[in-house]
Amino acid sequence: MKLPIAIAALLATLVSGHPATSPAFAQPVAQTWPQSTVRLILPLPPGTAADIAARFLAERLSQRWGQPVIVENRQGGDAIPAAVSFLAARDPHQLLFSFAGIVTTNPLTHSQLPYAPQDLVPIVPVLENYFGASASAAMQADTLSDLINIAGRQPGALNWAATPGLPHYVMLALQRTAGIQMVQVPYREFGPAIQDLTQGRLQLAATSLPLLLPHHASGRAKLLFVTARERSPLAPHVPTAAEAGYPDLTFEGVVGIYGWRGMPAEITDRVSKDVQAITADPSFRARVEAVGSMPRTGSAAEFAAAIEQQRAQVSALHEANVKPAQ
């Protein structure tokens, strides 16, 4: 004897532990997602350029998706804690908003990682961070060529420092490309490095552009170049590495949104489409440029290509036995 449909559905629920499929969930995922708050997991502290851009992006996405979109800062540890928790959750309402070093430099600077970088799937680029290198005013080096000439005459006499990740590799690339030798000074926090730079105890520092600009403006340090393909709107008079004569020092600090391997394609496609629409908007560009970054619009394939280019650059330096500090 056939059971009534309602009773059959109830029995199915008791056996499986899940409610019978509702008409809403029977629709394509792209039409029903998101069904609750979406979290952008950001492995950087509040107030950074990426954080400000993420919050503006979240505001615009919330308008499109009809659900709250919030930024959750999980900074520290080279983004490892953020990656581990994100991949463990496998929550379709979580997205990772991160710099590419999470899959490019981390495998080189850490002998073991508690997550598999290949499980982080690029969805869409959002912005490109600007990095630069500044010489102490005491060096009296107005250009990168000036600094290289000074370093060439004094092998091992000049000191340098860099924040972890791409800035560190920029300094390794500089020494390798220019054939100079400088000594790295490690710092637990980078604030003291900047102070030493402005007081002449440190000769060269590489880090994010917003950290260097105030001291360039005050004349206590000279910003020699930026690593991006384009000049920064905040420092239009400062050349790119290529314009300074060293194209091998061009590193793209791409930042974007990642999903987890196995995330439904309908979700990642929608995220990519909607984010590209926002990053192409002039108002988004203005907000991002105002905090020292450059907006970047592109597909998942273009994002993956930029990541692979960065991976190839840093891997070549690593394989040349010019290895970053642990």
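The values are calculated or read from the model by the stated rules, or taken from the named source; none is laboratory data. From a predicted model like this one, the values you see are computed outputs, not experimental measurements. Note that each Cβ is placed from the backbone with ideal geometry, even for glycine, and that neighbours are counted across all protein chains shown.
Taking the condition surrounded by fewer than 24 Cβ atoms within 10 Å (Cβ to Cβ), out of contact with any strand residue (DSSP E or B) (no Cβ under 7 Å at 6 or more places or on another chain), modelled with pLDDT of 95 or more and not assigned by TED's automatic domain parsing to the domain that holds I52, does I150 pass?
Taking the combined requirement at face value, the residue satisfies it.
Do you know which residues across region 213-250 are surrounded by 16 or more Cβ atoms within 10 Å (Cβ to Cβ), aliphatic (A, V, I, L, M) and either in contact with a strand residue (DSSP E or B) (Cβ under 8 Å, 6 or more places away or on another chain) or assigned by TED's automatic domain parsing to the domain that holds A151 (or both)?
Result: L213, A221, L223, L224, V226, A228, A235, V238, A241, A244, L249.
From the list Q112, Q140, Q118, pick out the single residue that is on the phi > 0 side of the Ramachandran plot and either surrounded by fewer than 22 Cβ atoms within 10 Å (Cβ to Cβ) or modelled with pLDDT of 95 or more (or both).
Result: Q140 is the single residue among Q112, Q140, Q118 that is on the phi > 0 side of the Ramachandran plot and either surrounded by fewer than 22 Cβ atoms within 10 Å (Cβ to Cβ) or modelled with pLDDT of 95 or more (or both).
What residue, of A206, A277, is at pLDDT 95 or above and closer than 22 Å to A301 by Cβ?
Of the residues listed, the single one that is at pLDDT 95 or above and closer than 22 Å to A301 by Cβ is A277.
Given (1) outside the structural domain of V288 (by TED's automatic domain parsing); (2) touching a residue at least 12 places away in the same chain (Cβ under 8 Å), where does L113 come up short, assuming only one miss?
Condition not satisfied by L113: (1).
Against the condition on the phi > 0 side of the Ramachandran plot and either buried (at least 19 other Cβ atoms within 10 Å of the Cβ) or in a strand (DSSP E or B) (or both), how does A83 come out, does it pass?
no
If we keep just the residues of region 153-167 that are touching a helix residue (DSSP H, G or I) at 6+ places or on another chain (Cβ under 9 Å) and over 18 Å from A244 (Cβ atoms), which is surrounded by the most Cβ atoms within 10 Å (Cβ to Cβ)?
Here the answer is G165.
For region 240-282, which positions are among the β-branched types (V, I, T) and either in a loop (DSSP other than H, G, I, E, B) or in contact with a Phe, Trp or Tyr (Cβ under 6 Å, 6 or more places away or on another chain) (or both)?
T250, V255, I257, I267, I278
Here's the yes/no breakdown for (1) farther than 30 Å from A138 by Cα; (2) among the small types (G, A, S); (3) at pLDDT 95 or above:
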residue	(1), (2), (3)
V254	yes, no, yes
G259	yes, yes, yes
S272	yes, yes, yes
H318	yes, no, no
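Given the residues A304, A325, which is the only one that is at pLDDT 95 or above and either more than 16 Å from F131 (Cβ to Cβ) or of a type in the set (A, V, I, L, M, F, W, C) (or both)?
Exactly one of A304, A325 is at pLDDT 95 or above and either more than 16 Å from F131 (Cβ to Cβ) or of a type in the set (A, V, I, L, M, F, W, C) (or both), namely A304.
Among the residues of region 194-212, what is the count of those that are in contact with a Leu (Cβ under 6 Å, 6 or more places away or on another chain) and either free of Cβ contacts under 8 Å to residues at least 60 places away in the same chain or closer than 23 Å to V291 by Cβ (or both)?
Count: 3.
Restricted to region 140-179, and to residues that are closer than 25 Å to G101 by Cβ and among the β-branched types (V, I, T), which residue is nearest to the chain's Cα centre (by Cα)?
The residue in question is T163.
Quick test for you: out of R229, R285, pick the one residue that is closer than 25 Å to I102 by Cβ, modelled with pLDDT under 95 and in a helix (DSSP H, G or I).
After ruling out the rest, the residue left standing is R285.
Does P210 qualify as being outside the structural domain of T104 (by TED's automatic domain parsing), under 23 Å from P125 (Cβ atoms) and out of contact with any His (no Cβ under 8 Å at 6 or more places or on another chain)?
yes
With the requirement that a residue be assigned to a helix (DSSP H, G or I), at pLDDT 95 or above and surrounded by fewer than 16 Cβ atoms within 10 Å (Cβ to Cβ), what does region 288-301 give you?
Listed by number, the list holds a single entry, A301.
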